[in-house]
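Scroll down for the structure; my scribbles are underneath it.
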Amino acid sequence: MERVLNFGAGPAMLPPEVLVQAAAEMLDWHGSGLSVMEMAHRGEEFGTILAAAERDLRSLLGIPEHYHVLFLQGGATLQFAMVPLNLLRGGSGADCVLTGEWSRKAAQEAEKFGVVRVAASQAHEGLRRIPAQAQWRLDGGADYVHLCANETIAGVEFNWVPDTGAVPLVADMSSNFLSRSVDVARYGLIYAGAQKNVGPAGLTIVIVREDLVGHVRAGTATLLDYAAYARERSMVNTPPTFAIYIAGLVFQWLQRSGGVPGIEARNIEKAALAYGAIDASQGFYRSAVAPADRSRMNVPFTLANPALDAAFLAGARERGMVQLAGHRSVGGMRASLYNAMPVSGARRLSDYMRAFAARHG
Ligand SMILES: *Cc1c(COP(=O)(O)O)cnc(C)c1O
């Protein structure tokens, strides 16, 4: 069996070691005689799995004790609603920073629940970039500031943390979660859908400061209230047990891989390989992102001659590299280089890009 290198933006590739372990434990988890899928969610075995996943995630990110770690469902998209439902508390509303599709969608959804201001927005002409904080218009009375730490489609990533004073900072980290060191204490709330960098679709992780929980607007469904999950240790109802188990295996794999600093070093190396091929191509490949704001996780690029797109993708597939076509809204190419993509995979892509440009340039 030959595994391909999956450059898709999500659901994304998982470390083969994790899949092998899950396969070995599929019929009989640790002598229980059960698959994790068949376990009672409130039973002792699954309790062990859930507790280990939370403990390992806390240690990987150095999550302070006064933050809850919640395992939810509904994807990052449900957080676009849960964040305003739980955090809007009669202040002057939400300040949103718009840097691409995902932060825009989050702001649009929040508008259903309260006042949303655009605190900053990326320029529409020229290179895509993260607006410098000097250009932001923040309201000191806002209930929170929302940003998307890594725009999966636009390919722009924050490599700094804005100063929002006493106003809680909320970040959608779906596509760069656990890819780089994060000072959790700078944030009020962090959320991430699992299927980009953590595990299977169906699980969403929320890390939230304790004092921000317990203020959900009246009339909100229990399953949309962070406090219920915090109180019930993510078991308000049946949690996505198998997805949590796989996420836990990924956390263990990260610990064996040098933790977040170890994976971050490799992610820097991988991004340098991909952008290196773009920059060395003398315009054969183009990136629309300002170099300082280039995403390490998602590398969108176009071929100057789009008539070569199909040949580029076919050649990549022949070499075992799949899902390189860009998002349907922007076209071109996109190479996602999440944690599970090995350095050798990024090197194979970079070598192929250079050879393809030499042949067709
Ligand atoms: C994929 C993605 C989402 C949407 O995630 P779902 O789990 O499909 O709801 C939101 N934000 C970012 C940054 C993403 O990459």
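Laid out as a table, the results:
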{"read-out": "Residue among Ala314, Ala272 that alone is open to solvent by 10 Å² or more (accessible area, probe 1.4 Å) and farther than 21 Å from His360 by Cα", "value": "Ala272"}
{"read-out": "Residue in the range 133-144 that is touching a residue at least 40 places away in the same chain (Cβ under 8 Å), surrounded by 23 or more Cβ atoms within 10 Å (Cβ to Cβ) and of a type outside the set (Gly, Ala, Ser) present", "value": "yes"}
{"read-out": "Residues satisfying the stated conditions in the range 257-293, i.e. free of Cβ contacts under 8 Å to residues at least 40 places away in the same chain and more than 21 Å from the chain's Cα centre (by Cα)", "value": "Asp279, Gly283, Arg286"}
{"read-out": "Among residues of the range 175-198, those that are within 16 Å of the ligand (Cβ to nearest atom), open to solvent by 10 Å² or more (accessible area, probe 1.4 Å) and in contact (Cβ under 8 Å) with a residue 60 or more places away in the chain, counted", "value": "5"}
{"read-out": "Failed criterion for Arg137 (all others in (1) modelled with pLDDT of 95 or more; (2) within 30 Å of His327 (Cα to Cα); (3) among the basic types (Lys, Arg) hold)", "value": "(2)"}
{"read-out": "Val118, sole failed condition from (1) away from the ligand (no atom under 16 Å from the Cβ); (2) crowded, with 18+ Cβ neighbours inside 10 Å", "value": "(2)"}
{"read-out": "Residue satisfying all of: in the range 199-220; small (Gly, Ala, Ser) and within 16 Å of the ligand (Cβ to nearest atom); farthest from Pro15 (Cα to Cα) among these", "value": "Gly202"}
{"read-out": "Index of the failed condition, Arg231 passing every other in (1) more than 16 Å from the ligand (Cβ to nearest atom); (2) crowded, with 16+ Cβ neighbours inside 10 Å", "value": "(2)"}
{"read-out": "Candidates Ala171, Ala149, Ala201 - the one that is surrounded by fewer than 23 Cβ atoms within 10 Å (Cβ to Cβ) and in contact with a strand residue (DSSP E or B) (Cβ under 9 Å, 6 or more places away or on another chain)", "value": "Ala201"}
{"read-out": "Pair list, Cβ < 6 Å and 6+ apart or interchain, from the range 86-109 residues that are assigned by TED's automatic domain parsing to the domain that holds Pro300 to residues that are more than 11 Å from the ligand (Cβ to nearest atom) and in a strand (DSSP E or B)", "value": "none"}
{"read-out": "Out of Ala22, Ala51, Ala12, Ala40, sole residue that is within 16 Å of the ligand (Cβ to nearest atom) and hydrophobic (A, V, I, L, M, F, W, C)", "value": "Ala12"}
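The values are calculated or read from the model by the stated rules, or taken from the named source; none is laboratory data. Nothing here was measured: the structure is a model prediction, and the numbers come from that model. Every residue, glycine as well, gets a Cβ built from its backbone with ideal geometry; the counts of neighbours run over all protein chains shown. To get the accessible areas, we keep the full protein, side chains included, count just its heavy atoms, and leave off ligands, DNA and RNA. Shrake-Rupley method; radii C 1.70, N 1.55, O 1.52, S 1.80 Å.
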